């Protein structure tokens with residue numbers, strides 16, 4: 001249950017990053033796309049702290065926590081990369097192509 005909550009928290013934080021980027025995009029074009037990339041290292045630190053709590057406080061071994069780290073970090077990070085990719089500038093596909 002904790003893993004699911006952490007993944008959902010990661011997706012919520014990604015949403016906040018994208019919303020903030022969207023607001024900044026009014027003055028700086030491309031800010032939403034950059035916000036998706038900035039989310040990844042921030043979430044990596046949060047996921048590593050979560051793993052550290054599991055190892056230090058709960059007494060799990062690092063090898064026990066690694067699969068959970070991959071899920072907690074990986075799912076929101078992949079969502080961020082998909083958001084970044086979907087917001088890429090599109091090339092004009094007009095009739096002038098030969």
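Any read-out appearing in this document is the output of simple, stated calculations on the displayed coordinates, not a laboratory observation. Please read all numbers here as calculations on a predicted model, not as lab measurements. Neighbour counts run over all protein chains shown; Cβ positions are idealised from the backbone, glycine included.
Listed values, structure above:
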read-out: Within region 60-77, tally of residues that are assigned to a helix (DSSP H, G or I) and either exposed (fewer than 15 other Cβ atoms within 10 Å of the Cβ) or out of contact with any helix residue (DSSP H, G or I) (no Cβ under 7 Å at 6 or more places or on another chain) (or both); value: 7
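So that you can scan it fast, the table gives a plain yes or no per residue for (1) in a helix (DSSP H, G or I); (2) within 18 Å of residue 80 (Cβ to Cβ):
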{"position": "6", "(1), (2)": "yes, yes"}
{"position": "13", "(1), (2)": "yes, yes"}
{"position": "23", "(1), (2)": "yes, yes"}
{"position": "27", "(1), (2)": "no, no"}
{"position": "36", "(1), (2)": "yes, yes"}
{"position": "52", "(1), (2)": "yes, no"}
{"position": "58", "(1), (2)": "no, no"}
